[in-house]
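Student: Mind having a look at this structure? Questions to follow.
The values are calculated or read from the model by the stated rules, or taken from the named source; none is laboratory data. Given the structure is predicted, the values throughout are model-derived calculations rather than measurements. Neighbour counts run over all protein chains shown; Cβ positions are idealised from the backbone, glycine included.
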């Protein structure tokens with residue numbers, strides 16, 4: 001699913017308007033993957049990870065950042081795709097609210113910035129992203145370029161697994177250029 005999501009659109013509906021971004025980078029986390037929050041089984045914190053495919057799994061990390069994932073395994077099997085980067089399509093001014101110093105290229109570049117740009121909090125945990133509503137997935141707005149594959153960023157367990165997918169040459173992809181060749 002991580003590769004399939006590249007090029008699709010992630011939409012956030014807010015009272016002030018709509019934010020939309022084209023998904024340009026993802027990471028897969030599989031059931032028997034030591035880096036996956038499902039590795040040690042279901043808990044209160046990770047229960048959304050075990051929902052049927054298409055549900056938001058949100059968690060808070062480093063005491064500062066929300067991370068937005070989508071459940072990717074069948075019901076009861078914990079697997080997810082982390083949204084790592086978006087190319088802004090609509091609502092850039094809403095994405096910037098409270099972050100006016102952030103350049104457009106960096107508004108949703110990296111999973112913490114992505115969640116901040118979409119104003120994701122724990123309230124979105126468990127939402128069905130395939131059903132419309134305040135946060136949802138939509139079709140691609142244009143064809144996808146070449147897709148790259150590499151190691152995931154910022155993890156230490158199963159760090160050599162090539163489960164990160166990104167649109168090659170897209171300036172909104174996160175991470176060092178050496179990982180995005």
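Student: So residue 144 ticks every box in (1) under 19 Å from residue 175 (Cβ atoms); (2) surrounded by 12 or more Cβ atoms within 10 Å (Cβ to Cβ); (3) out of contact with any strand residue (DSSP E or B) (no Cβ under 9 Å at 6 or more places or on another chain); (4) in contact (Cβ under 8 Å) with a residue 12 or more places away in the chain but one. Which box is left unticked?
Tutor: Residue 144 satisfies every listed condition except (3).
Student: Which is buried (at least 18 other Cβ atoms within 10 Å of the Cβ) and either out of contact with any strand residue (DSSP E or B) (no Cβ under 8 Å at 6 or more places or on another chain) or at pLDDT 95 or above (or both), of 89, 107, 129?
Tutor: Numbers: 89 fails: buried (at least 18 other Cβ atoms within 10 Å of the Cβ); 107 fails: either out of contact with any strand residue (DSSP E or B) (no Cβ under 8 Å at 6 or more places or on another chain) or at pLDDT 95 or above (or both).
Every option except 129 fails the conditions.
Student: Every residue in the range 97-109 that is touching a helix residue (DSSP H, G or I) at 6+ places or on another chain (Cβ under 8 Å) and part of a loop (DSSP other than H, G, I, E, B), please. I'd like the intermediate steps shown before the answer.
Tutor: Residues of the range 97-109 touching a helix residue (DSSP H, G or I) at 6+ places or on another chain (Cβ under 8 Å): 99, 102, 104, 106-108.
Once the filter is applied, which keeps residues that are touching a helix residue (DSSP H, G or I) at 6+ places or on another chain (Cβ under 8 Å) and part of a loop (DSSP other than H, G, I, E, B), the range 97-109 yields 99, 102, 107, 108.
Student: Now a separate question. Testing residue 112 on (1) assigned to a helix (DSSP H, G or I); (2) without any contact (Cβ under 8 Å) to a residue 24 or more places away in the chain, one condition comes back false. Which one is that?
Tutor: The single condition residue 112 does not satisfy is (2).
Student: Yes or no: residue 17 at positive phi, without any contact (Cβ under 8 Å) to a residue 24 or more places away in the chain, surrounded by fewer than 15 Cβ atoms within 10 Å (Cβ to Cβ) and over 12 Å from the mean Cα position of the chain (by Cα)?
Tutor: Criteria not met by residue 17.
Residue-by-condition table, conditions (1) modelled with pLDDT of 95 or more; (2) closer than 30 Å to residue 178 by Cβ:
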residue: 120; (1), (2): yes, yes
residue: 123; (1), (2): yes, no
residue: 147; (1), (2): yes, yes
residue: 153; (1), (2): no, yes
